[in-house]
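Each remark here refers to the structure printed beneath this line.
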Amino acid sequence: MNKIIAAVVVIGAFAGGLYFGTSQNSAPVITNSSEGASYGGGFDKANQAATVKKSAVAKRTVAGETHVVNDGDKIMDAVKKAKPGDTIQIMPGTYHETVYIDKDDIRITGVIKEGKYATLDGQRKLNDAILYSGNNIVIENMRITKYKGNGIMGQAGNNFEIRNNIIVDTGVYGIFPQLGQNGIVEYNVISGIEDAAIYVGMSDNIHVAHNDVFDSVAGIEIENSRHAIVENNYVHNNTGGILAFITPGLPIKTTFDVIIRNNFIDNNNHKNFAAPGSTVAGIPAGTGILIMAADDVIVEDNIISNNKTAGILITDHDNAPNTTIDPESDPAPDRVMILNNIMLNNGYDTIDEAKALLLTEFKQGNPDILRVGVSRDSCIINRHRYVTVGVNNWKECTFTNTNAIDSYILDEPVPPRDIDPSERGKVVYMGICAGCHTYTGRMIGPPVQIIQALYMDNPQGIADYIEAPTKKRDDYPEMPPQNYLDAETRLAAAKYMLGRKN
Ligand code: HEC
């Protein structure tokens with residue numbers, strides 16, 4: 001007995017010595033599950049047609065170096081040193097900083113050791129945890145907490161992979177890729193977010209899968225985006241579960257071709273705690289899936305249960321609160337396709353409008369599916385299974401499943417997006433500033449008209465203010481710093497703001 005223990009201790013010491021050799025903190029061997037070989041199965045399937053798809057999209061163009069960041073170091077120092085192709089390995093510990101990545105091909109990998117994470121902690125003072133604008137960025141295995149703005153935000157970076165992160169109690173958006181093409185958001189656990197836990201904005205070819213999102217206002221949002229699949233997620237205890245919609249007024253005007261399938265969408269009845277005036281502040285608590293103005297949305301094989309307003313709510317802009325009308329966006333959700341889904345105990349405490357509509361259709365019960373406003377050429381199968389409002393005249397769908405579509409991720413990485421410098425001001429204004437400022441009205445920030453009066457011929461004054469805003473008004477919150485934008489881009493946004501007429 002003693003001998004065995006002694007032997008184990010000796011082996012342990014030896015392995016430890018080997019492993020930690022020269023430095024206490026040399027990095028462990030990390031095996032990447034998104035690269036390398038796939039399990040072939042217990043039989044030879046070489047002659048079978050099925051192929052296994054790899055989920056990696058951010059293909060390394062060069063094999064780079066690894067930089068190890070230890071507790072007490074700054075992650076940003078490693079990012080500054082890193083060259084495209086490099087990996088930054090962050091050891092367990094607590095890091096209080098904002099990480100900006102404006103280069104391509106950088107992999108940020110948190111090292112999880114015996115359950116301990118590399119934690120980015122904003123201490124309720126910092127605005128954002130990770131902001132990237134590079135292409136082929138990978139961010140994985142991090143824990144992020146107590147930031148005021150974004151957990152992970154991407155601006156115009158293509159071919160991104162954001163996976164295996166834990167994001168808790170962090171500001172306005174958990175994971176927010178904006179203006180990106182070809183990206184994966186998978187296996188993240190996200191909770192306690194004031195707007196959307198996962199917010200895909202103005203993006204294309206996106207895969208959102210296997211995430212656990214809860215205790216937030218919106219679980220997963222696909223906004224002004226195309227060719228997206230949202231599948232195999234567990235979406236629970238949010239105000240609204242999964243949303244596909246158009247926000248009017250953004251530079252990209254459409255949302256279409258979205259597949260929402262195989263998700264668990266349960267008990268999304270959380271009180272709405274969004275900032276007043278934001279789009280999501282208008283979501284009725286108890287909405288499983290919301291489709292607003294988005295076209296070609298397919299809802300298939302989800303388990304949708306215990307959402308008190310409705311399992312699926314379909315609306316146009318005219319019937320939705322907190323939306324303006326954009327003449328360039330079609331306000332109607334057209335060609336919505338509802339295939340088989342399991343719906344249980346939804347709509348048990350629904351909105352008055354739904355109750356009134358049920359009466360006009362001489363129906364009783366609690367609505368699983370609720371459609372208000374215009375929706376053209378939409379279809380449904382097995383409608384008899386559900387209590388529905390507003391879908392009596394929908395056609396039968398001419399197909400029953402989406403099995404032929406694995407993924408909308410492209411086989412090869414797409415080249416970087418080219419934003420013309422003359423467009424930069426508009427893109428930033430529409431994508432960022434317009435989230436808090438409208439022309440005449442009070443939103444999260446003061447009206448643009450007031451700002452124009454203050455800064456009439458002084459765009460540089462705005463550019464300087466937004467780099468490091470100071471508190472000016474007692475009745476408004478603080479404006480978060482926009483210092484991740486370079487000086488030229490800040491000035492372009494400022495000029496664009498001053499030139500607005502509506
Ligand atoms: C998350 C919300 C938010 C975003 C995004 C935002 N702002 Fe603001 N902004 C505010 C708030 C809140 C205030 C009021 C702050 C105060 O008075 O203390 C403000 C105030 C301002 C002011 C007034 C400064 C002054 O001297 O009174 C300017 C100028 C401004 N923002 C410009 C911008 C520009 C340009 C952008 C886009 C790059 C932007 N803001 C993005 C929330 C935001």
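Annotations for the structure displayed:
- Candidate set from the range 437-464 (those that are of a type in the set (V, I, T) and under 20 Å from L485 (Cβ atoms)); member that is farthest from the ligand (Cβ to nearest atom): V448
- Only residues that are over 25 Å from A275 (Cβ atoms) and hydrophobic (A, V, I, L, M, F, W, C) were counted across the range 133-160, and they come to 5.
- Criterion violated by G174 - all others in (1) more than 16 Å from the ligand (Cβ to nearest atom); (2) part of a strand (DSSP E or B); (3) over 16 Å from T287 (Cβ atoms) satisfied: (1)
- Only one entry in A310, A356, A320, A332 is at pLDDT 95 or above and among the small types (G, A, S), namely A310.
- Restricting the range 86-99 to residues that are surrounded by 18 or more Cβ atoms within 10 Å (Cβ to Cβ) and hydroxyl-bearing (S, T, Y), the residue that is modelled with the highest pLDDT is Y95.
- Among the conditions (1) modelled with pLDDT under 90; (2) away from the ligand (no atom under 16 Å from the Cβ); (3) hydrophobic (A, V, I, L, M, F, W, C); (4) more than 20 Å from G154 (Cα to Cα), V414 misses just one, which is (4).
- You will find that of I193, I144, the residue that is crowded, with 24+ Cβ neighbours inside 10 Å, β-branched (V, I, T) and in a strand (DSSP E or B) is I144 and no other.
- Contacts under 8 angstrom Cβ, first residue in the range 434-449 being in a loop (DSSP other than H, G, I, E, B), partner near the ligand (Cβ under 8 Å from one of its atoms) and aromatic (F, W, Y), 6 or more apart: I444/Y476; G445/Y476; P446/Y476
- Every residue from the range 208-221 that is over 13 Å from I175 (Cα atoms) and crowded, with 24+ Cβ neighbours inside 10 Å: V217
- Test for V280: is it buried (at least 21 other Cβ atoms within 10 Å of the Cβ) and farther than 17 Å from H210 by Cα: yes
- Residue within the range 454-471 that is charged (D, E, K, R), closer than 27 Å to N159 by Cβ, surrounded by fewer than 17 Cβ atoms within 10 Å (Cβ to Cβ) and out of contact with any helix residue (DSSP H, G or I) (no Cβ under 6 Å at 6 or more places or on another chain) present: no
- Only one of the numbered conditions (1) outside any loop (DSSP other than H, G, I, E, B); (2) within 16 Å of the ligand (Cβ to nearest atom) is not met by I419, and that is (1).
- Selection within the range 465-486 - more than 17 Å from Y429 (Cβ to Cβ), more than 7 Å from the ligand (Cβ to nearest atom) and of a type in the set (D, E, K, R): D474, D475
- From the list N205, N232, N224, the lone residue that is surrounded by 24 or more Cβ atoms within 10 Å (Cβ to Cβ), at positive phi and either not acidic (D, E) or not assigned by TED's automatic domain parsing to the domain that holds Y439 (or both) is N224.
- When each of K53, K116, K125 is tested for being modelled with pLDDT of 95 or more, basic (K, R) and over 21 Å from the mean Cα position of the chain (by Cα), the lone residue that passes is K116.
- When T489 is tested against (1) within 18 Å of P421 (Cβ to Cβ); (2) free of Cβ contacts under 8 Å to residues at least 12 places away in the same chain; (3) within 10 Å of the ligand (Cβ to nearest atom), only condition (2) is not met.
- Residue within the range 121-132 that is in contact (Cβ under 8 Å) with a residue 24 or more places away in the chain, farther than 20 Å from T170 by Cβ and either surrounded by 22 or more Cβ atoms within 10 Å (Cβ to Cβ) or out of contact with any Ser or Thr (no Cβ under 8 Å at 6 or more places or on another chain) (or both) present: no
The values are calculated or read from the model by the stated rules, or taken from the named source; none is laboratory data. Predicted model only: the values in this text are computed from it and were never measured. We place every Cβ from the backbone using ideal geometry, glycine too, and count neighbours over all the protein chains shown.
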